Structures are given as structure tokens and as C-alpha cells.
Amino acid sequence: MPIRDWFNKKKIRSPKQPTSKRTVPVGIWSKCADCNKIIYQKELFDNHFVCPECGHHYRLSAWQRIKLLTDPETFRETESGLSAKDPLKFKAGKTYAASLARAKKKSRLKEAVITGRGKINGVTVGLAVMDFNFIGGSMGSAVGEKIVRLIELSIAEKLPLIIVTSSGGARMQEGVFSLMQMAKTSAAIGRYQRFGLPYISILTNPTMGGVTASFASLADIIIAEPQALIGFAGPRIIEQTIKKKIPEGFQSSESMLKNGQIDMVVERGRLKSTVSTLLAMLTLGEAANA
Ligand SMILES: [Zn+2]
């Protein structure tokens, strides 16, 4: 390989460039996908799937995330039976029906979001967590409906609302039905906020497209995990459109914080305690409804 190509390759794989393709390595010992150091799997598990060497945050499933954020045995799922239909009988190479069947088998979920009630340090919250393993965490009509029903439940029960996002954006296999979820979820958040209830959004790697452009960005406090990719269009599409190279770290959590688009970058290990402190501040103790 010519030495110039080697440098180019190194540049593409720079740890500062967030990527959505990194998953937790398997085996007793593994090589970190970011810093290349050898890590002991148990240490990775104990550290909430954050590399103990470089701090790289591996992707969590929705259930792992719920376990991380809520008090043990307190989460109760709602609307667990809701899942996508295929109104357009969509086909692009493979059918949408086949993609749905594959996603259900791979993720063991019925949809790309889990919603429910749970306690965070004793405070009951309405919690929605997206799962990237289900068709890239994309938002179709069932995802939008589950989120709206959680918001309505949180209004009825006066619960703080926490939504954790991990999504490539709208689910294009549902065409306009997926796009209208942006307006539907945004309107529901608007209704929720008129009651003066606190909404905290937690953006994880990646949060893109119609999810960023709707409920994810409408929270009272927007938190992101370190080095998450956050934006509307992906970096490659932007580069192809503007025909320019975009800067290193563009659309990372850190760059979003610097430009005032989010409020905090919080490491995974401090996420629960941070949310708990924020809830206490936002509700001035009223949220202690346990
Ligand atoms: Zn590492």
C-alpha cells in the first residue's frame, strides 16, 4: 500500500470522528474499536460498555439502557404490543415486511422504541428508549405513536419525561407516514410542556434525521453522551452536497455543545445521577412522587 494511502486510511479512522458502526466486541479479551488497546470484557461490562482505556462509548440496547437509568425492578413497559404495519407494501430490493421480520428476530423487540414508567433514584418518570438494532432505530408510525402515548400518559400522571434517542431518522419505508411522526411527536411535546412538566432528552450515538429534527431537540435539557454523532443529514451526504470536506469532529456531541445546540455532554457512568439531580432542580422537589 502506498504510504499516502496509509495516512488517508488513518485519517478516516481517527477516534475523534464519531461512527455509528462500532459495536461491542465479543470474547474474553477484545481490542477496542477506537483506541485499539486490549480490554478485558468483564471490565467493559462493569464500566457500562465504556472503554476503560479511551472512554469510547459502545452502543447499548434499549433494555441495557433502561437497566442503566432506572432503579432495579421498577420499570414497567407500556404499549408493548404496538408494532409497525406496512401501509405502502414498500419494496426496495427487499420488502419492508422482510426487514421488519428480520429486525424483530435480531433485536427481540417489536419496535425501535420501548416506553414505560420507571423510577430514577425513587422518582417515577415516563421513559422512552430507542434501540438502534431495530432498523437503525428509525421512526415509523408505531414508534411515533408509542412516544405520543407515553407523553399523554406522562401528562395524565404528571410525570417527568425522559427520552433516550438512538436513531438514523425517519423510516423511509413508511414514506409520508413516517415523516408526519415529526409533527405528531413535536405537537405532543408542545402539549406536555404547557403543563410545566420537565422533559429531558438524552442523545446517544447516533441521533440523526427526523428524530433530531423533532422531539429529541425540544427538551428543557438536552444531554448527549461523549462523541455521539448528532445531526440531520449524515456527514457523507453533506460532503457530497456542498462538495467540501467537513471539519474533524463536525456533528459530534462536543461540537454541538460548543455551538449551543445541546446543554451538556455527560459520560455514561454519571448519566443516572445527573438526570436525578436535574429532575430535583426542575421540579423543586415536586417530582418526589415515589
Ligand atoms: Zn478504547
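Coordinate-derived values only; no laboratory data. Bear in mind the structure is a predicted one, so any value in this text is a computation, not a measurement. Glycine also receives a Cβ, built like all others from the backbone with ideal geometry; neighbour counts cover every protein chain displayed.
Before moving on, here are some points about what is shown:
- Between the amide H of V164 and those of A128, V129, M130, I202, distances stay under 5 Å, these residues lying 5 or more places away or on another chain, with hydrogens modeled in the peptide plane.
- Derived scalar couplings between HN and Hα for segment 90-100 equal 6, 9, 9, x, 9, 7, 5, 4, 5, 4, 5 Hz in order, rounded to whole Hz, by the Karplus curve 6.51 cos²θ - 1.76 cosθ + 1.60 (θ = phi - 60°), x for Gly and Pro.
- Placing unit charges on the Cβ atoms only, positive for Lys and Arg and negative for Asp and Glu, gives the chain a dipole magnitude near 1240 debye about its Cα centre.
- Of the residues G249, I221, L100, the one whose Cα sits farthest towards the positive end of the charge dipole of the chain is L100 (charges of +1 on Lys and Arg Cβ, -1 on Asp and Glu Cβ, taken about the Cα centre).
- You can think of it this way: the chain between K37 and A213 has 59.7 nm of extra reach, that is 0.36 nm per residue less the Cα-Cα gap.
- Estimated at 0.36 nm per residue, the fully extended path between A280 and I238 surpasses their Cα-Cα distance by 11.1 nm.
- The chain: radius of gyration and largest Cα-Cα distance (Dmax), Å: 19.2, 64
- By other beta-carbon atoms within 10 Å, ranking I222, I28 with the fewest at the front produces I28, I222.
- Between R102 and K89, the contour length at 0.36 nm per residue exceeds the Cα-Cα span by 3.1 nm.
- Residues T78, T124 arranged by fewest to most Cβ contacts within 10 Å: T78, T124
- With all pairs of separate Cα atoms included, segment 22-131 yields a Kirkwood hydrodynamic radius of 16.3 Å.
- For segment 106-116, putting each phi into the Karplus relation 6.51 cos²θ - 1.76 cosθ + 1.60 with θ = phi - 60° gives couplings of 5, 8, 6, 10, 8, 8, 7, 9, 10, 10, x Hz, in residue order, rounded to whole numbers and with x for Gly and Pro.
- For peptides 239-250, 129-140, sequence by mean Cβ density within 10 Å, most packed first: 129-140, 239-250
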